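Here is the structure we will look at, set down as structure tokens.
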Amino acid sequence: MQNSTASANSAAAQDDVDSQESVASQGSAAPQRLDVSQEFSSPQQHDDAEVNETIGLFGTRHKDFSAEYHLTRRSKIKRLNQIMRVALQYDALKGLTPVKLRHMLEALGPTFVKVGQVLSMRSEILPQPFCDELAKLRADADPMPYSVVVETLESEYGRKLDEVFASVDPTPLGSASLAQVHRARLVSGEDVAIKVQRPGVRETMAEDISIMRSIARSATRFMHNSQVVDLQGVIEELWDTFDEETNFLSEARNLWEFKRFCNNYAYMDCPTPFPDLCTEHVLVMEYMTGIPIAHTKELVADGYSLTEIGTKLVDNYAAQILDVGFFHADPHPGNIMIHGGQIVLLDLGMTGRLDAPTRAAMQQMLFAVAKQDSPQLADALLRFTGSTASSVDYPELLSDLDSIVEEFGTVDLADLNLAQFLGSLTSMAHRHGIEVPSSITTVGRALITLEGLLDEFIPNVNMIQIISKHIASQKSTKEMAKEELRNVLVESHEALHAGLKAIQESETALRMLTRGDLRMNLELVGSKEPMSAINDMVNRVTLALIVVGLFVGSSIVYFAGMKPIIFGIPLVGFMGYLIAFILSVWIVIDIMVKSHATKKRRRNR
């Protein structure tokens, strides 16, 4: 390939380095090694699991988070002061624009960069302009000294560097807030890329997460707000993501698994890891060269068709997500290159997994939107989230889904805004108390990143159209007929048992009816609010009648001139006027407060 550009898998080392990189990582005194002979799991990992959890007389005891990462109250206060100084520097108390928020998160370090990246997909928490701006966050950083890289590698392997590598290029291929990538050659002669994790980055992240958890717990005590609860979920999602990204053994296992997946596609590839040299903080993998997908002029000059590249990339992504349920979760331009007629995906630090029922529900959701079938979309959404129709206001849910289907189902596939569709669906589910699993967030983030890449570099390729064709092409007419017959048989079996149960229950109901024991519990759907309003109205009318009676009765006493007299009014009449006045004021205030609350509820809807 002419004019090929060196590239290496540096995604975990850089959430978004546009130059190509390779994968590498940092070391520890007692390195954990990758054992591919045992389902890609390390024996040391099992030992750690035993250390982290013990069984006692009073139940299971988990290792304390602060103790595990050596966190102290003093260190957390120091870090909190640093965060406050940066926040004041950007005038956070006076308000933040989307751009200022992005710059502030970048200044706060890798933890907050990752927070911003997660929040960029949570439009139910932040307004869409903020989400769009946070999607631009990158984790580029100044390179760490080469001496630190050498010290880390020697500490990780427990031997001199020249015993493992014949040479290591001191100039990094890419540097980010989590790790740094270098090109090297093994003593056995293979050309590799190594990714070295920055010392202390995991501890810093754990400290920030601990502070965030404390703040979220404190906020929950004073603000019983669904967004606060959801923020706690975002924090845990953030830690889970970072926990996986900073364990390079997980990334090495992902590379092995994805390499097996690529074997089924002649046009797909990924770097091969070297398991004997991979540890928790160092990743060694095959060094690959190629043309970055963002360099479209070089690709065209080298004889590639951009449309073919885009089509194959999207179709393969559909296979990853919907067929096997294991997919690359960060397909930004710096992680994709073209080499020898193959699309090479770099950086498997961020991956997503979907089980078979979830994949089936996602396909059903796509078909439901295309057919403008709100009930089917509701059924798929409830299946996807594990909810039931009885746990939500189903008529209102259908009404909201009708609006989404009307807005997006009638749009031509070429004009469908995927980010807006997923944002609308997530926000709607959040309003109905339906908890959307993190898997749909990961899928949405990956697809939106991929859509942005196509819009910028390969605009003639429509992603949604290709995914729809992929789903349709997966089933032949014969297979669809078999599946439909299977569904009919299952539904018939369920209907038969439901019918027999209904006959049994009707017999019981008839017996109770003949004995006069049958009772009916009737609930009018959506009647709670009107009935409550009627109840309030009756109460107000009753109070108004009491007020009128008090005024009339007090006036009669006044003209009767009964003693004792106070302020020229008989005492009994004075008390009647006073009570009538207080009740009148209370009725007026109650009407105003409830009217304001009703208007606020309608605006929130």
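The values are calculated or read from the model by the stated rules, or taken from the named source; none is laboratory data. Quantities reported herein were computed from a predicted structural model and do not represent experimental measurements. Cβ coordinates were reconstructed from backbone atoms using ideal geometry, including for glycine residues, and neighbour counts include every protein chain displayed. What goes into the accessible areas is simple: the full protein's heavy atoms, side chains included, and nothing from ligands, DNA or RNA. Shrake-Rupley method; radii C 1.70, N 1.55, O 1.52, S 1.80 Å.
Summary table
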{"quantity": "Flag for residue 384 being at pLDDT below 80, aromatic (Phe, Trp, Tyr), open to solvent by less than 30 Å² (accessible area, probe 1.4 Å) and under 19 Å from residue 451 (Cβ atoms)", "calculated": "no"}
{"quantity": "Count of residues meeting criterion [under 13 Å from the mean Cα position of the chain (by Cα) and over 22 Å from residue 133 (Cβ atoms)] in segment 444-475", "calculated": "0"}
{"quantity": "Only listed residue being at pLDDT 70 or above and of a type in the set (Lys, Arg), chosen from 482, 469, 475", "calculated": "469"}
{"quantity": "Failed item in (1) open to solvent by 80 Å² or more (accessible area, probe 1.4 Å); (2) at pLDDT 75 or above; (3) in a helix (DSSP H, G or I), with residue 150 passing the rest", "calculated": "(1)"}
{"quantity": "Tabulated pairs, segment 427-443, first at positive phi, second assigned to a helix (DSSP H, G or I), C-beta under 9 angstrom, 6+ apart or interchain", "calculated": "433/226; 433/391"}
{"quantity": "Pairs where the first residue, in segment 394-423, is outside any helix (DSSP H, G or I) and the second is modelled with pLDDT of 75 or more, C-beta under 6 Å, 6+ apart", "calculated": "416/464"}
{"quantity": "Residue 378 vs. criteria at pLDDT 80 or above and in a helix (DSSP H, G or I)", "calculated": "yes"}
{"quantity": "Per-region count, segment 139-171, residues touching a residue at least 60 places away in the same chain (Cβ under 8 Å) and either touching a His at 6+ places or on another chain (Cβ under 9 Å) or of a type in the set (S, T, N, Q) (or both)", "calculated": "3"}
{"quantity": "Segment 98-120 residues that are on the phi > 0 side of the Ramachandran plot, paired with ones that are of a type in the set (Ser, Thr, Tyr) and crowded, with 21+ Cβ neighbours inside 10 Å (beta carbon under 7 Å, 6 or more apart)", "calculated": "109/177"}
{"quantity": "Pair list, Cβ < 9 Å and 6+ apart or interchain, from segment 341-368 residues that are farther than 25 Å from residue 310 by Cβ and without any contact (Cβ under 8 Å) to a residue 40 or more places away in the chain to residues that are open to solvent by 20 Å² or more (accessible area, probe 1.4 Å) and basic (Lys, Arg)", "calculated": "357/383; 360/383; 361/383; 364/383"}
{"quantity": "Residue 518 being open to solvent by 60 Å² or more (accessible area, probe 1.4 Å) and modelled with pLDDT of 65 or more", "calculated": "no"}
{"quantity": "Residues of segment 162-196 satisfying the condition of being part of a loop (DSSP other than H, G, I, E, B) and within 19 Å of residue 143 (Cα to Cα)", "calculated": "169, 170, 171, 172, 173, 177, 178"}
{"quantity": "Subset of segment 79-138 that is hydroxyl-bearing (Ser, Thr, Tyr) and outside any helix (DSSP H, G or I) - its residue that is nearest to residue 424 (Cα to Cα)", "calculated": "123"}
